[in-house]
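Chemist: I'd like to ask you about the structure that follows.
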């Protein structure tokens, strides 16, 4: 089943007489034959855009993060992904004084492939925003869906879109409690390192 | 409502400026009482004497002023949770008291980055909540500037009182310098140290390293 469902995004020339698919694990294998066991570990990164709570001035549209990732991915089946993202932006207070805010985001994503290369995922993030005005941290929970494209034998691109629930936290810049939701899109890549 | 200034810290060891700042604070009317609250062992700072020894030295340094109180509440708490958690617990325990944190200008700069080391693997920052929820009395420390009172107010933080040379206080002693003096020469009581505290240090062979 595993290789059957990945057949739809097969690419590259393969040899042999039986139908075959190109595996992101780096080799062409006959459809229906089992996985030639290799570790599904990957390293990667993503670039995220968000709109809503937790971006820039508390609310808005902007670059959320650049996030190196690592994890295990079995295309067509499931994945687990850890990420540590970081970014910085400037906040302005009531007196128009600029302050640099450095953010970091430790996340765990768990996904399951439902339709071939399409997957659904759930995520948890612990986000920190550090600045002179005060360090803060909060939790975010998310759900989303995504897809991926193989671009080289061991490399693929990912795109996922989701909604994140930003848990309540006090933001010293705007002097009020912040909570809400955010639409989030992440474009990433992963390279199998086996 | 009674105003109580909480003077927390390691008191490693207690010195004359600790007592002087407390009395000046009382004399200036910034509070009605000062509670000394030595901290338990800390995650962020290597302490040189045990909580019991630091508490014992504080007892020796106390002068009998009825407006000064020594409390082991924070030590009894066991784990070091940082000032915000401790002060909020105090507020809950003594709702009829308005607590103010009495702290040095050196410490003030770091407050926005304080956190609870035992919550969420140390990522639960609460310094900004302390600034918002707890009034501060900040005293002068050598080499550290007076806090920007206007900026503090603009940030929406709670009331800030300044205790500097103009109010009759100018801190000159530090526990670090006293420990260093003891390392260099244990035969002389370092400046700023009460003789009774010095005797305790020698008797219990403290601050050897």
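The values are calculated or read from the model by the stated rules, or taken from the named source; none is laboratory data. In this text the structure is predicted, and so the values were computed from the model without any measurement. In this analysis, Cβ positions are derived from the backbone assuming ideal geometry, glycine residues included, and neighbour counts consider all displayed protein chains.
Chemist: Report the residue count in segment A:97-122 for those that are surrounded by 18 or more Cβ atoms within 10 Å (Cβ to Cβ) and farther than 20 Å from residue B:122 by Cβ.
Modeler: The total comes to 6.
Chemist: Could you list, in sequence order, the residues of segment A:91-106 that are farther than 30 Å from residue A:80 by Cα and either more than 9 Å from every other protein chain (Cβ to nearest Cβ) or modelled with pLDDT of 85 or more (or both)?
Modeler: A:91, A:92, A:96, A:98, A:99, A:100, listed by residue number.
Yes/no matrix, rows are residues, columns are (1) surrounded by fewer than 19 Cβ atoms within 10 Å (Cβ to Cβ); (2) in contact with a strand residue (DSSP E or B) (Cβ under 6 Å, 6 or more places away or on another chain):
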{"site": "A:150", "(1), (2)": "no, yes"}
{"site": "A:153", "(1), (2)": "yes, no"}
{"site": "A:162", "(1), (2)": "no, yes"}
{"site": "A:171", "(1), (2)": "no, yes"}
{"site": "A:187", "(1), (2)": "yes, yes"}
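Chemist: Can you tell me which residues in segment B:102-117 are in a helix (DSSP H, G or I), within 26 Å of residue B:23 (Cα to Cα) and within 14 Å of chain A (Cβ to nearest Cβ)?
Modeler: Scanning segment B:102-117 gives B:108, B:111.
Chemist: What number of residues within segment B:67-101 are in contact with a strand residue (DSSP E or B) (Cβ under 9 Å, 6 or more places away or on another chain), farther than 20 Å from residue B:121 by Cα and part of a loop (DSSP other than H, G, I, E, B)?
Modeler: Here the count works out to 5.
Chemist: Output the strands (runs of 3 or more DSSP E) that fall wholly within segment A:84-194 and possess 1 or more residues being in contact with a helix residue (DSSP H, G or I) (Cβ under 9 Å, 6 or more places away or on another chain), or say none.
Modeler: The qualifying strands (runs of 3 or more DSSP E) are A:98-115, A:118-130, A:136-152, A:155-171.
Chemist: Please pick out the residue among B:135, B:150 that is surrounded by fewer than 17 Cβ atoms within 10 Å (Cβ to Cβ) and either free of Cβ contacts under 8 Å to residues at least 12 places away in the same chain or closer than 19 Å to residue A:133 by Cα (or both).
Modeler: B:150
Chemist: Can you tell me which residues in segment B:13-46 are out of contact with any strand residue (DSSP E or B) (no Cβ under 8 Å at 6 or more places or on another chain), closer than 12 Å to residue B:171 by Cα and in a helix (DSSP H, G or I)?
Modeler: Listed by number, the residues that qualify are B:16, B:17, B:20.
Chemist: Right, here's the next one. For residue B:77, only one of the following conditions fails: (1) at pLDDT 90 or above; (2) more than 14 Å from every other protein chain (Cβ to nearest Cβ); (3) in contact with a helix residue (DSSP H, G or I) (Cβ under 9 Å, 6 or more places away or on another chain); (4) more than 25 Å from residue B:17 (Cα to Cα). What is its number?
Modeler: (1)
Chemist: A further question follows. Does residue A:77 satisfy the criteria of being more than 13 Å from chain B (Cβ to nearest Cβ) and free of Cβ contacts under 8 Å to residues at least 40 places away in the same chain?
Modeler: No: the conditions fail for residue A:77.
Chemist: Additional query: Tell me, which residue of segment B:154-181 that is within 14 Å of chain A (Cβ to nearest Cβ) and either in contact (Cβ under 8 Å) with a residue 60 or more places away in the chain or out of contact with any strand residue (DSSP E or B) (no Cβ under 6 Å at 6 or more places or on another chain) (or both) is farthest from residue B:206 (Cα to Cα)?
Modeler: Out of the qualifying residues, it is B:154.
Chemist: Need pairs with beta-carbon distance below 8 Å; first residue at the interface with chain A (Cβ under 9 Å from one of its Cβ atoms) and within segment B:118-130, second outside any strand (DSSP E or B) and loosely packed, with under 15 Cβ neighbours inside 10 Å; sequence gap 6+ or separate chains.
Modeler: Close Cβ pairs satisfying both conditions: B:125/B:113; B:127/B:110; B:127/B:113.
Chemist: So for segment B:85-102 (the condition being surrounded by fewer than 21 Cβ atoms within 10 Å (Cβ to Cβ), in contact (Cβ under 8 Å) with a residue 40 or more places away in the chain and over 25 Å from residue B:32 (Cα atoms)), does at least one residue qualify?
Modeler: no
Chemist: I'm trying to understand the selection: among the residues of segment B:153-163, which are crowded, with 17+ Cβ neighbours inside 10 Å and modelled with pLDDT of 90 or more?
Modeler: Listed by number, the residues that qualify are B:157, B:160, B:161, B:162, B:163.
Chemist: Looking only at segment A:115-146, how many residues end up being at pLDDT 90 or above and more than 14 Å from chain B (Cβ to nearest Cβ)?
Modeler: 12
Chemist: Being within 14 Å of chain A (Cβ to nearest Cβ) and either modelled with pLDDT of 95 or more or over 21 Å from residue B:17 (Cα atoms) (or both), is that true of even one residue in segment B:183-203?
Modeler: Among the residues of segment B:183-203, not one is within 14 Å of chain A (Cβ to nearest Cβ) and either modelled with pLDDT of 95 or more or over 21 Å from residue B:17 (Cα atoms) (or both), which makes the answer no.
Chemist: Here's a follow-up. Scan segment B:177-201 for residues that are in a helix (DSSP H, G or I) and closer than 20 Å to residue B:141 by Cβ and report the count.
Modeler: Residues that pass the stated criteria total 5.
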